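Beneath this line is the structure, given in structure tokens, with notes to follow.
The values are calculated or read from the model by the stated rules, or taken from the named source; none is laboratory data. Worth saying up front: this structure is predicted, and the values here are computed from it rather than measured. When we count neighbours, we look across all protein chains shown, and the Cβ atoms used for this are built from the backbone with ideal geometry, even at glycine. These area figures cover heavy atoms from the full protein model, side chains too; ligands, DNA and RNA do not enter into them. Shrake-Rupley method; radii C 1.70, N 1.55, O 1.52, S 1.80 Å.
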Amino acid sequence: MKIVVCIKQVPDTETRIRVADGKVVETDVNWIVSPYDEFALEEALKIKEAKGGEVVLLSLGPERVVSALRNGLAMGADSAVHLKDAKFDAADTLGIAQALAAAVKGLSPDLVLAGQQGVGGDNSQVPGLLAELLDWPQVTVAVMIEIQDGKAAVEREFAGAHETWATALPAVISAQKGLNEPRYASLKGIMAAKKKMIETKDAAALGLSAESLAPKTRIVSMDMPAARGTVKMIEGDPETQSRELLRLLHEEAKVI
């Protein structure tokens, strides 16, 4: 069984983000694999261990993405494909999905796994767009996946409840927290990853032009959240506090 896992490199959630000229300043940013994509990779490795086959990583981005791919290879993936081209730099979620879809078609996998969202942009759009472009079924926010006889049974979270879907393969399934507990890369895995192949493909190799990748959306502006105002503590018993709170909301905040 051949499984492709789409991973995205994102800023560490503990990184102090700075914004300038409508973009995130990458200087001093610590980059990691998006946590939801780690769930997807762990699930792919578990399926491989149970069913046999291979796991191929797929990621789009600049040269720094190689470190994310090496980390995935150290965890146990067999090979990786790095989509790198200046034409991808301005791509929106649709353009990214187009590039991923073109690469997936060339790999002909039985299953594509991805995180439900990349914690950088938090768009939650790429898995759905990818499935649409491939004309494959999709199941989102998976918390359990069972593969049997060319089909997948997928339990997913939905509005505070769980539901189970059945789908034929190939399909695109996106992973939610709770699907599994990602493993750490072992020293043996880290050493082995150095010898594993990372293939690099540009837009031309995928049959994509600058026109086809032109973004359909654009970021108008990007700013850091406004600084929080000072906190005002209200003294007294609950009744006194309630009266004072109502007065402040009416006279100072002017919201009632």
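Miscellaneous remarks
- Residues of segment 1-132: accessible area per residue with a 1.4 Å probe, Å²: 42 Å²
- Fully extending the segment from residue 224 to residue 64 would add 55.1 nm, taking 0.36 nm per residue of separation and subtracting the current Cα-Cα distance.
- The fraction of all Cα pairs in the chain landing in successive 10 Å bins from 0 to the largest distance is 7, 27, 30, 17, 9, 7, 3, 0, given as whole percents.
- Only Lys, Arg (+1) and Asp, Glu (-1) charged, at Cβ; the chain dipole about Cα centre in debye: 740 debye
- The antiparallel fraction among DSSP beta bridges confined to the chain stands at about 45%.
- For segment 23-122, the ratio of Cα radius of gyration to the globular rule of thumb 2.2 N^0.38 Å stands at 1.09.
- Carbon and sulfur %, accessible surface of the chain computed with the full protein complex present, 1.4 Å: 53 percent
- Ordered from highest to lowest accessible area with the whole protein assembly present and a 1.4 Å probe, 42, 49, 181, 244 read as 181, 49, 244, 42.
- Net lengthening on full extension, residue 13/residue 198 (0.36 nm per residue, minus Cα-Cα): 63.9 nm
- Solvent exposure, largest accessible area first (probe 1.4 Å, DNA, RNA and ligands not counted), of 197, 233: 233, 197
- The accessible area of residue 21, taken with all protein chains in place and a 1.4 Å probe, comes to roughly 150 Å².
- Here r is the Cβ-Cβ distance between residue 20 and residue 46 and R0 is 35 Å; the resulting FRET efficiency, rounded to 0.05, is 0.25.
- Positive-end residue of 137, 238, 164, charge dipole of segment 131-256 with Cβ unit charges: 137
- Of 94, 213, the order by accessible heavy-atom surface (1.4 Å probe, DNA, RNA and ligands excluded), from most exposed downward, is 94, 213.
- The calculated 222 nm mean residue ellipticity attributable to helices in the chain amounts to -9000 deg cm²/dmol, summing -39500 (n - 2.57) over DSSP H runs of n ≥ 4 and dividing by all residues.
- Charge context of residue 42, other residues only, Cβ under 9 angstrom, K/R +1, D/E -1: -1
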